[in-house]
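Asks: One structure is given below, represented as structure tokens, and several questions about it will come after.
The values are calculated or read from the model by the stated rules, or taken from the named source; none is laboratory data. What you see is a predicted model, and the numbers here were worked out from it, not measured in a lab. Backbone-built Cβ (ideal geometry, glycine too); neighbour counts: all protein chains shown. Just the protein is used for accessible areas: all its heavy atoms, side chains included, with ligands, DNA and RNA removed. Shrake-Rupley method; radii C 1.70, N 1.55, O 1.52, S 1.80 Å.
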Amino acid sequence: MRPEDLLQPTPRGLYCPPADVYIDPLRPVGKALVTHGHSDHARAGHGAVLATAPTLAVMAIRYGEDFAGTTQAVRWGEAVAVNGVRFSFHPAGHIHGSAQIAVAHGGLRIVVSGDYKRAADPTAEPFEVVPADVFITEATFGLPVFRHPDAQGEVGKLLASLSLFPERTHMVGAYALGKAQRVMALARTAGYDRPIFIHGALEKLTQFYASEGFDFGSIRLVRDAERAELAGALVIGPPGAAKDLWARRFADPVTAFASGWMRVRARAKQGGIELPLVISDHADWDELGRTILDTGAAEVWVTHGQEDALVHWCGLNGLKAKPLRLVGYGDEDEAGLAGPSPEAESKA
């Protein structure tokens, strides 16, 4: 079997003809396999959805309990057969419940990475290398300039600023699903023991993480706090919330933003970010190359990101590679640099 017979890019997303299923489809389809809960990968309206239990729970929180006709939770490593094609889910390390999907049929195995990272994260299952004949990798940070620093060190910068400016509110923009909870956990690991104040848009997802066993200490809503309590406080909100009316209660705020894109200082300056925190939930350039080699894949398909640079790297390393040119996937938290997010506007 040729790889193109098992998986092929379409306007709706990756399609598996033998099983008649899509992976992370962009439009409603009959049968969908979903890698994780971010909205550029997890959409509502499918007839049936197969995903990890945390991903299904996140989709229900975001879209309502009836987000799909039927749902099925899959365990790590469990093989599910659909029309003779075997699918299995393996930890991707991106956020809690995020998965790589292995597709096996006719002696061929293709592994779809979804979004992934290999750096340690106290709020996500560690990445698992899955051997593959063909590896489909994301390339969000697929340029040599992107080499992410240690996330704990970046949070150390945040706590140092809090100590240096004890009268100023520190407002951290962080994507509501995964990144915000990771920043909370890293702050606690670093010894920050004061209450962390959050935007209402983070409430349900943070409560879900807590129900899954993640301990974030004292978490309070900004809307329930007195203005005086917010002076010198650590506040986390969705991207763009600092530009919303919600932030006017803060005392001379230090505006921070947690994203791998903060490596590009021009983006931080353009967004008015005083304290850029280079904290990414995606693999950097070195991790991308290491992962490709670790899978043992002879062929690599590259999607959503800096495709051409990684394809070129594969060629230099003797690997067959091609870009998929799938449209519609991306790093959602970047939208926050342009202005208030829809979540900030609707749940302040």
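Asks: Using only the alpha-carbon atoms of the stretch 71-114, report the extent along each of the three principal axes, biggest first, to the nearest angstrom.
Replies: Taking max minus min along each principal axis of the Cα atoms, the stretch 71-114 gives 31, 21, 14 Å.
Asks: Quick check for me: using +1 on Lys/Arg Cβ and -1 on Asp/Glu Cβ, what's the dipole size of the stretch 1-92 about its Cα centre, in debye to the nearest 20? The partial results should precede the final answer.
Replies: Details: 8 positive and 8 negative charges, 5 e Å.
The dipole of the stretch 1-92 has a size of about 20 debye.
Asks: Using a ≥ b ≥ c from the Cα gyration tensor of the stretch 92-169 (square roots of the eigenvalues), is it rounded, prolate or oblate, where a/c under 1.5 gives rounded and otherwise the larger of a/b and b/c decides, a/b for prolate?
Replies: Values: a/c = 4.25, a/b = 2.70, b/c = 1.57.
Since a/c reaches 1.5 and a/b is larger than b/c, the shape of the stretch 92-169 is classed as prolate.
Asks: Pull out a ≥ b ≥ c, the square roots of the eigenvalues of the alpha-carbon gyration tensor of the stretch 66-211, then state rounded if a/c is under 1.5, prolate if not and a/b is larger than b/c, and oblate in the remaining case. Mind dumping the intermediate values first?
Replies: Working: a/c = 3.08, a/b = 1.86, b/c = 1.66.
Because a/c hits 1.5 or more and a/b exceeds b/c, the stretch 66-211 counts as prolate.
Asks: Let me ask something else. Which semi-axes, in whole Å and largest first, does the equivalent ellipsoid of the chain have when worked out from the alpha carbon gyration tensor as the square roots of 5 times its eigenvalues? Present the calculation step by step, with values, prior to reporting the outcome.
Replies: Details: eigenvalues 259, 98, 54 Å².
Three semi-axes, in Å: 36, 22, 16.
Asks: How do 204-211, 176-183, 52-59 rank on mean C-beta neighbours within 10 Å, highest first?
Replies: Highest-to-lowest ranking by the protection proxy: 176-183, 52-59, 204-211.
Asks: To continue, here is another question. List the lysines whose Cα sits under 26 Å from the Cα of LYS243, skipping any in the same chain fewer than 8 residues away.
Replies: Straight-distance partners of LYS243: LYS157, LYS179, LYS204, LYS269, LYS347.
Asks: Let me ask something else. So what is the 222 nm mean residue ellipticity for the chain from helices alone, if each DSSP H run of at least 4 adds -39500 (n - 2.57) and you divide by all residues, rounding to the nearest 500 deg cm²/dmol? Write down the numbers at each step before the final one.
Replies: Values: 9 runs with 81 residues, N = 348.
Helices in the chain give a 222 nm mean residue ellipticity of -6500 deg cm²/dmol.
Asks: Now for a separate question. Using Cα-Cα distances under 8 Å and only pairs 6 or more residues apart, what relative contact order does the chain have, in percent?
Replies: Working: 794 pairs, mean separation 59.3, N = 348.
About 17 percent, as a whole number.
Asks: Excluding ligands and nucleic acids, what accessible area in Å² is computed for GLU4 using a 1.4 Å probe, to the nearest 10?
Replies: So the heavy atoms of GLU4 present about 60 Å² to solvent.
Asks: Take every DSSP beta bridge whose two residues both sit in the stretch 67-119, then give the antiparallel share in percent to the nearest 5.
Replies: Working: 15 of 16 bridges.
Close to 95 percent.
Asks: Here's a follow-up. Output the antiparallel fraction of DSSP beta bridges having both residues in the chain, as a percent to the nearest 5. Please list the in-between numbers first.
Replies: On the way: 21 of 62 bridges.
If I count the DSSP bridges inside the chain, around 35 percent turn out antiparallel.
Asks: Hey, another quick one. Assign unit charges at the C-beta atoms only (+1 for Lys and Arg, -1 for Asp and Glu), then state the dipole size of the chain relative to its Cα centre in Debye, rounded to the nearest 20. If you can, show how the numbers build up before the last one.
Replies: Numbers: 34 positive and 41 negative charges, 75 e Å.
In total the dipole reaches around 360 debye.
Asks: Antiparallel DSSP bridges in the stretch 1-126: what percent, to the nearest 5? If you can, show how the numbers build up before the last one.
Replies: Values: 21 of 32 bridges.
Antiparallel: roughly 65 percent of the beta bridges in the stretch 1-126.
Asks: When a/c reaches 1.5 or more, the comparison of a/b and b/c decides; with that in mind, is the stretch 193-291 rounded, prolate or oblate per its Cα gyration tensor? Numbers along the way, then the final one.
Replies: Details: a/c = 2.48, a/b = 1.30, b/c = 1.91.
It is oblate, given that a/c is not under 1.5 and a/b is not larger than b/c.
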